[in-house]
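The values are calculated or read from the model by the stated rules, or taken from the named source; none is laboratory data. Please read these numbers as outputs of a predicted model, since none were measured by experiment. Please note: Cβ atoms are built from the backbone with ideal geometry, for glycine as well, and neighbour counts cover all protein chains shown.
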Amino acid sequence: MPKLKTGRHTSALKAHRQAARHAESNLQARSRIRTVARKVEAAVAGKDGQAAQAYLKEAFGLWDKAAKSGLVHWRAAARKKSRLGKAVRAAASGTAVKTKATKSRKPKTAKK
């Protein structure tokens, strides 16, 4: 490629094209993971054990692949997988899962 008169380096232009392509790919991958995770949660809420298991298996594969490629941190992927699996197991056994622990706080009193 001939040198451009704008003063930009061809390597910078190529890096910019690659970054745009990778960003699009990463966005699609993240969207796919979130979609499958929502399907797992919907199946759990609808008490559909077989569908939840099938979607869970797919979600695990997507999280592992994302962690392997560096799209998400491996510990984040492990945490998300653990929470999804816990929800599916709890739904299968018929117990409720507490997803977020909330503390009971004392009401604040006005200072005198």
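Inside the range 80-96, can you point out the residues that are farther than 16 Å from LEU62 by Cβ, polar (S, T, N, Q) and in a helix (DSSP H, G or I)? So that I can check it myself, show each step before the final result.
At the first step, the residues of the range 80-96 found to be farther than 16 Å from LEU62 by Cβ are 86-87, 89-96.
When the remaining residues are screened for being polar (S, T, N, Q), the result is 93, 95.
Selection gives SER93 alone.
Evaluating THR10 against the criteria (1) among the β-branched types (Val, Ile, Thr); (2) more than 30 Å from THR95 (Cα to Cα); (3) touching a helix residue (DSSP H, G or I) at 6+ places or on another chain (Cβ under 6 Å) leaves one unmet condition, (3). Report whether or not SER31 is at pLDDT 95 or above, surrounded by fewer than 11 Cβ atoms within 10 Å (Cβ to Cβ) and either assigned to a helix (DSSP H, G or I) or among the aliphatic types (A, V, I, L, M) (or both). It is true that SER31 is at pLDDT 95 or above, surrounded by fewer than 11 Cβ atoms within 10 Å (Cβ to Cβ) and either assigned to a helix (DSSP H, G or I) or among the aliphatic types (A, V, I, L, M) (or both). Looking only at residues of the range 43-74 that are among the acidic types (Asp, Glu) and modelled with pLDDT of 95 or more, we find that the one that is nearest to ASN26 (Cα to Cα) is ASP64.
If only residues of the range 30-77 that are under 23 Å from ALA92 (Cβ atoms) and of a type in the set (Phe, Trp, Tyr) are counted, the one that is farthest from the chain's Cα centre (by Cα) is TYR55.
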